[in-house]
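Contents: one structure, followed by commentary.
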Amino acid sequence: MNPNSAAAKIRKLSRLRPTLALVLGSGFKHVLQEFAVDARVTYAKLPGFPKPGVAGHDGELLIGKLGDTPAIVLSGRAHFYEGHAMEQVTFAVRALAAYGIRDLLLTNAAGGINRKFRAGDFMLLTDHINLMGANPLRGPELPGLPRFVDMTRAYDAKLSALLAAAARTAKIKLQRGVYLAVSGPSYETPAEVRAFARLGAGAVGMSTVPETLVARQHGLHVAALSCITNLAAGISKSPLSHAEVLETAERVKLTGARLLKEFGKLYGQHQ
Ligand code: HPA
């Protein structure tokens, strides 16, 4: 599948030409209530887009305005643990790059490893560790794109500063940390979580990193936010469950939405 075909189809949906795109994970969907939608389309209608399968992950692309700022929102993503190839997991990012997006904000749910974190906190990603056991850049060289992608500054300083400013304005505490990605879908063992803490991870999750890698290959600026939906295994006193993840996401949905809305506003002012 060619990302250019999907990009052409997205261009026909709306006259808006956003440079910003957001990928909404658990805990961030509520921002759609604040999004002035100009056009929307399900992934099924976009050639090459994957079919997300987890409860709470629909698959829809929306174009509109977030606090007066034109943006594309991807609501729902395909996960590696669902059995999708990395190529499918990251196809939407390549389509966004082909469309002309320059800045990408990725959001996700994650388990808190840093002992200072509480369920319901938000964490700005300062960096990541890829332990998914796969890399979406593996495969034939793509024309016009680098073979070896520098990841020294995976997460963009300017976009991250805008997120920090948005959190300050909205009076939301913003934690910072390194996101460690695993393939899932099992949660971690306490021994794994202790090991990840020693590696310097602040949180653990099952997404985002493939999208960051592909976005950086295309030269997009990336920022990312985790909703700490639970304390990671062994740190939490109780067993982990997807129900807990969804419960926390629901509890802090208004906060997540405010943070993203404020970010959209500030982003618009800095263009
Ligand atoms: N581990 C991995 N992925 C997650 C977690 C977790 O504890 N919480 C939400 N996504």
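A quick yes/no check of all residues on (1) over 19 Å from A154 (Cα atoms); (2) in a helix (DSSP H, G or I):
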position: A95; (1), (2): yes, yes
position: L105; (1), (2): no, no
position: G120; (1), (2): yes, no
position: D127; (1), (2): no, no
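In the range 119-132, what residues are touching a helix residue (DSSP H, G or I) at 6+ places or on another chain (Cβ under 9 Å) and of a type outside the set (F, W, Y)?
Answer for the range 119-132, where residues must be touching a helix residue (DSSP H, G or I) at 6+ places or on another chain (Cβ under 9 Å) and of a type outside the set (F, W, Y): A119, G120, L124, L125, T126, H128, I129, N130, L131, M132.
Among (1) surrounded by 16 or more Cβ atoms within 10 Å (Cβ to Cβ); (2) out of contact with any Phe, Trp or Tyr (no Cβ under 9 Å at 6 or more places or on another chain), there is one condition G202 misses while meeting the rest; what is its number?
Going through (1) surrounded by 16 or more Cβ atoms within 10 Å (Cβ to Cβ); (2) out of contact with any Phe, Trp or Tyr (no Cβ under 9 Å at 6 or more places or on another chain) one by one, G202 breaks only (2).
Take S75 and tell me if it is among the hydroxyl-bearing types (S, T, Y), under 18 Å from the mean Cα position of the chain (by Cα) and within 16 Å of the ligand (Cβ to nearest atom).
Judged against the criteria, S75 is not a match.
Restricting attention to the range 81-99, which residues are hydrophobic (A, V, I, L, M, F, W, C) and free of Cβ contacts under 8 Å to residues at least 12 places away in the same chain?
A85
Being closer than 27 Å to A243 by Cα and out of contact with any strand residue (DSSP E or B) (no Cβ under 6 Å at 6 or more places or on another chain), is that true of even one residue in the range 95-104?
Taking every residue of the range 95-104 in turn, none turns out to be closer than 27 Å to A243 by Cα and out of contact with any strand residue (DSSP E or B) (no Cβ under 6 Å at 6 or more places or on another chain).
Check A71, A110, A92 and return the single one that is closer than 16 Å to G205 by Cβ and among the aliphatic types (A, V, I, L, M).
From the options A71, A110, A92, the qualifying one is A110.
Can you tell me which residue among G144, G67, G76 is without any contact (Cβ under 8 Å) to a residue 12 or more places away in the chain and under 30 Å from V41 (Cα atoms)?
G144
Within the range 138-145, identify whether any single residue is of a type in the set (A, V, I, L, M, F, W, C) and away from the ligand (no atom under 15 Å from the Cβ), and answer yes or no.
yes
Filter the strands (runs of 3 or more DSSP E) completely within the range 152-269 down to those with at least 1 residues that are among the β-branched types (V, I, T) and away from the ligand (no atom under 11 Å from the Cβ).
174-182, 221-231
Taking A157, is it within 17 Å of the chain's Cα centre (by Cα), within 22 Å of L66 (Cα to Cα) and free of Cβ contacts under 8 Å to residues at least 24 places away in the same chain?
yes
Only the coordinates and a few stated rules stand behind these numbers; no lab work does. Here the structure is a predicted model, which is why all the values come from computation and not from measurement. Heads up, the Cβs are rebuilt from the backbone with ideal geometry, glycines too, and the neighbour counts pull from every protein chain shown.
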